[in-house]
1. Would you confirm whether or not the range 559-575 contains a residue that is part of a helix (DSSP H, G or I), within 58 Å of the chain's Cα centre (by Cα) and within 16 Å of Leu624 (Cα to Cα)?
2. Taking the range 132-168 as the search range and keeping residues that are in contact (Cβ under 8 Å) with a residue 40 or more places away in the chain and out of contact with any strand residue (DSSP E or B) (no Cβ under 9 Å at 6 or more places or on another chain), which one is nearest to Ile239 (Cα to Cα)?
3. Checking the conditions here, which among Ala112, Ala153 is under 30 Å from Asp19 (Cβ atoms) and not basic (Lys, Arg)?
4. Within the range 449-473, track down each residue that is within 11 Å of Leu487 (Cα to Cα) and in contact with a Lys or Arg (Cβ under 7 Å, 6 or more places away or on another chain).
5. Scan the range 433-455 for residues that are in a loop (DSSP other than H, G, I, E, B) and aliphatic (A, V, I, L, M) and report the count.
6. When you scan the range 507-523, how many residues do you find that are buried (at least 21 other Cβ atoms within 10 Å of the Cβ) and acidic (Asp, Glu)?
7. Scan the range 581-593 and report the pairs whose first residue is more than 15 Å from Val562 (Cβ to Cβ) and in contact (Cβ under 8 Å) with a residue 60 or more places away in the chain and whose second residue is of a type in the set (Lys, Arg) and not in a helix (DSSP H, G or I), with Cβ atoms within less than 9 Å and a gap of 6+ or a chain change.
8. Being β-branched (Val, Ile, Thr) and over 15 Å from Phe574 (Cα atoms) is the filter; apply it to the range 591-627 and report the residue that is farthest from the chain's Cα centre (by Cα).
Amino acid sequence: MGDKAHTHPGAAGRAQAADRPTSVRNVVLVGHSGSGKTTLVEALALTAGAVNRAGRVEDGGTVSDHDEIEHRQQRSVQLSLVPVEWNGIKVNLLDTPGYADFVGELRAGLRAADAALFVVSAADGVDGSTRMVWDECAAVGMPRAIVVTHLEAARADFEEMTQVCAETFGGDDPDAVLPLYLPLRGPEGPDGHAPVTGLIGLLTRKLFDYSSGERVANEPVGDQVPLIEEARGRLIEGIISESEDETLMDRYLGGEDVDVRTLIDDAERAVARGVFFPVLAAAPAAPGARQGLGTVELLDLITGGFPTPLEHGTPQVTTLDGRPRELKPCDPDAPLVAEVVKTSSDPYVGRLSLVRVFSGTLRADQTVHVSGHGLTDRGHEDHDVDERVGALSTPFGKVQRPVSHVIAGDLACVAKLSRAETGDTLSSKDDPLVMEPWEMPDPLLPQAIEAHSKADEDKLSQGLSRLVAEDPTMRLEQNQDTHQVVLWCLGEAHADVALERLRSRYGVQVDVVPHRVSLRETFGGRASGRGRHVKQSGGHGQFAICEIEVEPLPNGSGIEFVDKVVGGAVPRQFVPSVEKGIRAQARKGVAAGHPLVDVRVTLLDGKAHSVDSSDAAFQTAGALALREAAADARIHLLEPVAEVSVLVGDDYVGTVMSDLSGRRGRVLGTEQSPGGRTLIRAEVPEIEIGRYAVDLRSLSHGTARFSRRYVRHEPMPPQVAERVKGEARAAS
């Protein structure tokens, strides 16, 4: 944090496997799309010496793993890892997408990290989704720091942005969010804008000039001195108030000049404990320069203030039968427990698994136990198998540098784990364990898809299974009622990327078709029907007649069949045939092609022929009788209704409730939630919320979340039902 001496590694800052947990820092970068996270990662890598002056990795890869999809989307869509080395410490920088559709990648990054850098644009401020992630980190006590970017923007104001951060992130203690440095601006240009050329260190009272492309330390002069003192006093009080030394505040208020080294040490401890959140500034290096503004200070904070993996608790671990298992935190000699935080496919090396080792040591060519994560409800296969680990490597963009082993606390890529999926646990085959999975959002936007051609149809199943193995925020559904293949995603961009990956990685072209909800049909009142199946055309004839009565039953009753035939009008052996035909027709529907439910069908009478009656004939007669009864009856369409729970900021409650009412929703109630938010519960027809994941984000500016669960089927309003029946008739 202070004016430290820095040693840069040789060989272009190659960050190899760590030799001990204390020499690792795992840091996730969080911020909205466009805040500058990826640019900051590149600037940090450049400063650490991991790339050449052109901003390229010396062995030819790119700094961040931009695949062709990211180039087309013009934004990050996946988690990427860039390891760099600074003062003998390996820093694993985890760059996450900022767009809400890829929150699954963000959560994977949070799981793999021990601290978070919140990247905030001085031009755009703090958005609602970033505030929500901050609250999540606060709930688990994750250490955090804030980096203000885009200082070059015309309307950028670092001091104002710092105040916004204090109000937004500080909660009841805004003095826990304070700047460590103040930006130093140079002369105004022709446009009237004064560029930021350096930083003033508040603790050290040093000026760090970056205008030459190299960080040069100087003493402040003239009007810079009073600028420092006011901000420095507030910073010192903020640090001391979080200090574990209870005498320090009394000494400071008593006029004692507290040693700078003591202040820096206290600040670093407070950051590591997650009680003090420093604000820094950063900007990328100018073309040809070696260091971006603020990057040295940021690397100093990461290596000096952020916790080691030893200080970060291991997620809960159990045996395969659910018994808790206590493990010494981050011990390379303890039993192996590692987790797959990301799965991807590389065109050259095949399947790659990004793994965080929490306990023990993972070695190349080792046989490990792979424990599935229990996401069978999302189309994932649950599994417990042994697999041999392929090559281990530390990634840098598209370049993989081989390593022989990975110790507890470090991250690496594992090649050719054919069964392991994102979220799976790797452990010793002789001592299999499983980690508690991290929370993943429910995918709530359905995309119904069909293979584009017969060739695509042959490859579709395998392509989809690979897709969901890589991304646990997707859910694959084979709907038995609508016979559609449905890929549930987090949003439109998420769906676009999924379908593009199907095409580009797995060679499967699909067409998106309208998503259909699972409707039902039922009778609106009593009705009778006569099924007559009589045919005589040479050879063995067909003869079956049955008469039925149909009456509606309460919701959830299904199909009830009653036999009231007397006198043997329908021989005993053919009564089950009538029932079989009725049930088969009920599955096909009687009005709009949807399954018939909640009726009692009573067989009253019929006729048979001693020679020409058969099982098949009475099945056909039963189906005909049901269709005739339906032709003379009122048939109701039943639609599925979901209970929707929306957690939204108080400012948007009225807007959301009004929108739910417009979707034929019935609000069941509201309740206050922490953080100025309200939980709205409502029942809404599922046909009205197919795109709710997209619409709610727009209504709430990305600050609301919702969940849904099926409640029941209920009659659809007549005008809506007629439209649906008309569409069914037109389609047929």
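1. Yes, the range 559-575 has at least one match.
2. Gly141
3. On the way: Ala153 fails: under 30 Å from Asp19 (Cβ atoms).
The unique qualifying residue is Ala112.
4. Leu467, Val468
5. Residues in the range 433-455 being in a loop (DSSP other than H, G, I, E, B) and aliphatic (A, V, I, L, M): 2 in total.
6. 1
7. Qualifying pairs under 9 Å: Gly589/Arg520.
8. Filtering the range 591-627 down to residues β-branched (Val, Ile, Thr) leaves 597, 599, 601-602, 611, 620.
Okay, now just the ones that are also over 15 Å from Phe574 (Cα atoms), so 597, 599, 601.
Details: Val597: 37, Val599: 42, Val601: 48 Å.
It comes out as Val601.
The values are calculated or read from the model by the stated rules, or taken from the named source; none is laboratory data. Just so it is clear, the model here is predicted, and its values are computed rather than measured. With ideal geometry, Cβ positions are generated from the backbone for all residues, glycine too; neighbour counts draw on all protein chains shown. SASA here: full protein model, heavy atoms, side chains in, ligands and nucleic acids out. Shrake-Rupley method; radii C 1.70, N 1.55, O 1.52, S 1.80 Å.
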